[in-house]
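The structure appears below as C-alpha cells.
The values are calculated or read from the model by the stated rules, or taken from the named source; none is laboratory data. Given the structure is predicted, the values throughout are model-derived calculations rather than measurements. All Cβ positions, glycine included, derive from the backbone under ideal geometry; neighbour counts span all protein chains shown. The area values use the complete protein model at the heavy-atom level, side chains included, leaving out ligands, DNA and RNA. Shrake-Rupley method; radii C 1.70, N 1.55, O 1.52, S 1.80 Å.
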Amino acid sequence: MIEKRPLGKTDLNVSALCLGTMTWGQQNTEADAHEQIQYAMEAGVNFMDTAELYPVPPNAETQGRTETYIGTWFKKTGLRDRWVLATKIAGPSDTLKYFRGGSRFVKTQLEQALDDSLRRLQTDYVDLYQLHWPDRNTNYFGQLGYEASVDEQMTPIEETLEALDSLVRSGKIRHVGLSNETPWGAMRFLTLAEQRGWPRMVSIQNPYNLLNRSFEVGLAEIAHRESLGLLAYSPLAFGVLSGKYLNGQRPDGARLTLFERFQRYNNDESQAATERYVTLAREQGLDPAQMALAYVTSRSFVTSNIIGATTLQQLKANIDSHQLVLSDAVVRGIESIHKTLPNPAP
C-alpha cells in the first residue's frame, strides 16, 4: 500500500501520492476522470487535489468543469468519505476577470468561491482549502527577480485569515493551505494564525522537480520545522522529465504539443539536464519518469507528490513509482547532475 503521511498538525493522514486533476475537462473526458479516480482509490491513493480554475489552460468556457466531474463521481458512487479532498480559490489576475470580476481573498469572494466549489463537487465540505497564488505583488509561476510595486493592490493577510476562520468554524472547510507561496508569505500566515488564534496553514503546494529545486532554498526548512509540508506539483516538469520531448519530439496529444504556453522547462539548460537524467535512469534500469517521481516523494519535507496523467496507462506507471526506492548510486547521480544546472529552472 501507498505510505500515508500526516497532513501538517492535523488528524488527517494522506497518501504520499496525490491524484492531480487539472487536465479533466480539457484533455480528459468525464469518463476518463471517473476511471482515474476509481483506479487511484483502488491503488491506495486517498488524496485528490483540484481547483476552481481547472481545467488548465484556464478559460471561462471550461472553468469549473474539473470540480464538476469529481462531483458527479461522488454522486454516482457515494464514496466521498474515501477521499481527502483539496481545492483552491484563484488569486488575482488581469486575464481571469470572469472570476467574480477579479478574484481577491476577501470575505465575500472566499464565501462565494467556496460555495460554488462545494456545489460543483456535490459535497458540503472540503478537507483542504488553498489559496492558489498570493493576493499581492510577489514571485510565483516562474517569475524571478522581486520588484516592489508602489501601486500594489494587496488584500491584507489578516483579512484573509479572519474570513477563512469563519469558514472553518462553519464546517465548510476542515483545514487551510497555501499554494505558490514565498518564504515571507508562509511565515507571515503562520505567525498571524498563532497570534490571533486563526486557522493554521497545514500545507504549501509549490512546484518541485529535478529541474526546479528552488523550494529547497528558503521553504524546505520552513516545511520541516513548521509542519507545513510540501504538496509538490509539476513533479515531472510538465512531462519533460519523462524524456518524451527530447530531440525536439512533440508526441500527439502531449501537453507541450497542444499548448505553447507551457514552455517553462523548454530551454537549453533544462533539455541538457533532462537528457542526463534520462541517461542515468536507463543506465540503472529505471523508467525516467518513475525515477523523477520517486526522488520527489522521498524528500523529507514532502507530504504528498501530486501526480497527473492524461491516460490510465500513465497514471498506473506514476502510481507504481511509490514502490521504487532509489539506490545511493542513483541519488548521487541525481545530485551530480543537479550541480551542473547554472540556476534553478523557474
In region 4-25, the residues that are surrounded by 19 or more Cβ atoms within 10 Å (Cβ to Cβ) and farther than 10 Å from T310 by Cα: L7, G8, V14, S15, A16, L17, C18, L19, G20, G25
One residue from T62, T66, T77 being open to solvent by less than 30 Å² (accessible area, probe 1.4 Å), more than 26 Å from T160 (Cβ to Cβ) and of a type in the set (S, T, Y): T62
Count - residues of region 191-228 that are assigned to a strand (DSSP E or B) and either free of Cβ contacts under 8 Å to residues at least 24 places away in the same chain or closer than 22 Å to D11 by Cα (or both): 5
Region 295-318, subset surrounded by 22 or more Cβ atoms within 10 Å (Cβ to Cβ) and more than 18 Å from S203 (Cβ to Cβ), residue modelled with the lowest pLDDT: A309
Filtered residues of region 80-116 (kept if of a type in the set (S, T, N, Q) and open to solvent by 10 Å² or more (accessible area, probe 1.4 Å)): S93, T95, T108, Q109, Q112
Among (1) open to solvent by 60 Å² or more (accessible area, probe 1.4 Å); (2) touching a Lys or Arg at 6+ places or on another chain (Cβ under 6 Å); (3) closer than 21 Å to T87 by Cβ - the single one E162 does not satisfy: (2)
L246, sole failed condition from (1) modelled with pLDDT of 95 or more; (2) over 17 Å from the mean Cα position of the chain (by Cα): (1)
Any hit, region 319-338, residues being under 22 Å from D49 (Cα atoms), within 17 Å of the chain's Cα centre (by Cα) and assigned to a helix (DSSP H, G or I): yes
